[in-house]
Amino acid sequence: MPELPEVETVRRTLMELVAGKRIHSVTVKLPRIIQRPAEPQQFADALVGHTIQTVERRGKFLRIVLDGLVLVSHLRMEGRYGVYPSDEPVELHTHVIFHFDDGTDLRYKDVRQFGTMHIFNTGEELELPPLNKLGIEPLNDEFTVNVLRMKLEKRTTKIKPLLLNQELIVGLGNIYVDESLFLARIHPERSPGSLSQAEWKRLHEAIRSTLTRAVEAGGSSIKSYVNGQGEMGMFQHQFLVYGRKNEPCTSCGKPLHKFVVGGRGTHICTKCQPMKDTNKIKL
């Protein structure tokens, strides 16, 4: 957390709030947030005088595009951005502050302190870590049923850990994988080689539908997530399985089950998502 819908919501909010603003100075209060360049002061100095052109997203990363530079930011578990008047008191756990010429700040707050920031010359960011090994975007037109099947079908790992692998498909985290697998009626421990063409089609549709609806709802507010204006997401009110252990399934009424798959808490309906024979030949 946050996953693709939350990062996309932050991106859209920041576009409204900071596009066109020029950076006057940068304050770094927690050096380890800065991953590139190695020296936080170099990071701060490099951004001075640059104007934010647009805010984009790659997987769970924000790409803040300036004139000649790109700032790549990962929120990790609890990172958040907010825009404030420069004379407003700075909240606790605020680690990086971008001061603009117009008397406002873009402030990065992170209680867990796991977030990261990298600066690149424009174009370099897609060729170097942390973006260079990311997989396909599930909401792009290139993400088809055949592409999904081609990427996963011959792998021996269970389907849920594969969907969480950011080098294969980006942006999917625990919440949206559980929700997508339920919609597709696929058990999370199935092997990808056991899925039929109809199941691949259902899974593809479920991933896109779940993410699209979550983006429209502003993401899911679990624990501390808010967008750049301090507003909560609302998709948690639409969860079908995630976080609903022992509650009735919305399809069959059977109590939902929670167990661990690949080290992650996993929510399913054992009736709607049966564990089929993984050795069965696909038709």
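The values are calculated or read from the model by the stated rules, or taken from the named source; none is laboratory data. Just so we're clear, the structure is a prediction, and the values are computed from it rather than from any experiment. Backbone-built Cβ (ideal geometry, glycine too); neighbour counts: all protein chains shown.
A single member of Ile175, Ile186 is under 30 Å from Arg244 (Cα atoms) and assigned to a helix (DSSP H, G or I), and it is Ile175.
Taking the criterion of being over 16 Å from Val72 (Cα atoms) and outside any loop (DSSP other than H, G, I, E, B), the residues of the stretch 96-108 that qualify are His99, Phe100, Thr104, Asp105.
Can you tell me which residue is nearest to the chain's Cα centre (by Cα) among those in the stretch 189-203 that are hydrophobic (A, V, I, L, M, F, W, C) and assigned to a helix (DSSP H, G or I)? The selected residue is Leu203.
Check whether at least one residue in the stretch 98-107 is out of contact with any Leu (no Cβ under 9 Å at 6 or more places or on another chain), touching a residue at least 12 places away in the same chain (Cβ under 8 Å) and either surrounded by 16 or more Cβ atoms within 10 Å (Cβ to Cβ) or not assigned by TED's automatic domain parsing to the domain that holds Arg76 (or both), and report yes or no. Within the stretch 98-107, one or more residues are out of contact with any Leu (no Cβ under 9 Å at 6 or more places or on another chain), touching a residue at least 12 places away in the same chain (Cβ under 8 Å) and either surrounded by 16 or more Cβ atoms within 10 Å (Cβ to Cβ) or not assigned by TED's automatic domain parsing to the domain that holds Arg76 (or both).
Checking the structure you have, find out if any residue of the stretch 79-94 is in contact with a Leu (Cβ under 7 Å, 6 or more places away or on another chain) and not hydroxyl-bearing (Ser, Thr, Tyr). Checked the stretch 79-94: at least one residue is in contact with a Leu (Cβ under 7 Å, 6 or more places away or on another chain) and not hydroxyl-bearing (Ser, Thr, Tyr).
Gly49 meets the conditions (1) within 14 Å of Phe98 (Cα to Cα); (2) not in a loop (DSSP other than H, G, I, E, B) in every case but one. The failed one is (2). In the stretch 61-79, is there at least one residue being of a type in the set (A, V, I, L, M, F, W, C), more than 27 Å from Ser220 (Cα to Cα) and in a loop (DSSP other than H, G, I, E, B)? No, because not a single residue in the stretch 61-79 is of a type in the set (A, V, I, L, M, F, W, C), more than 27 Å from Ser220 (Cα to Cα) and in a loop (DSSP other than H, G, I, E, B). Applying the condition of being in contact with a strand residue (DSSP E or B) (Cβ under 8 Å, 6 or more places away or on another chain) and in a helix (DSSP H, G or I) to the stretch 113-161 and asking which residue is farthest from Glu3 (Cα to Cα) yields Glu124. For Arg76, the test of being of a type in the set (Lys, Arg) and more than 17 Å from Asn121 (Cα to Cα) is passed.
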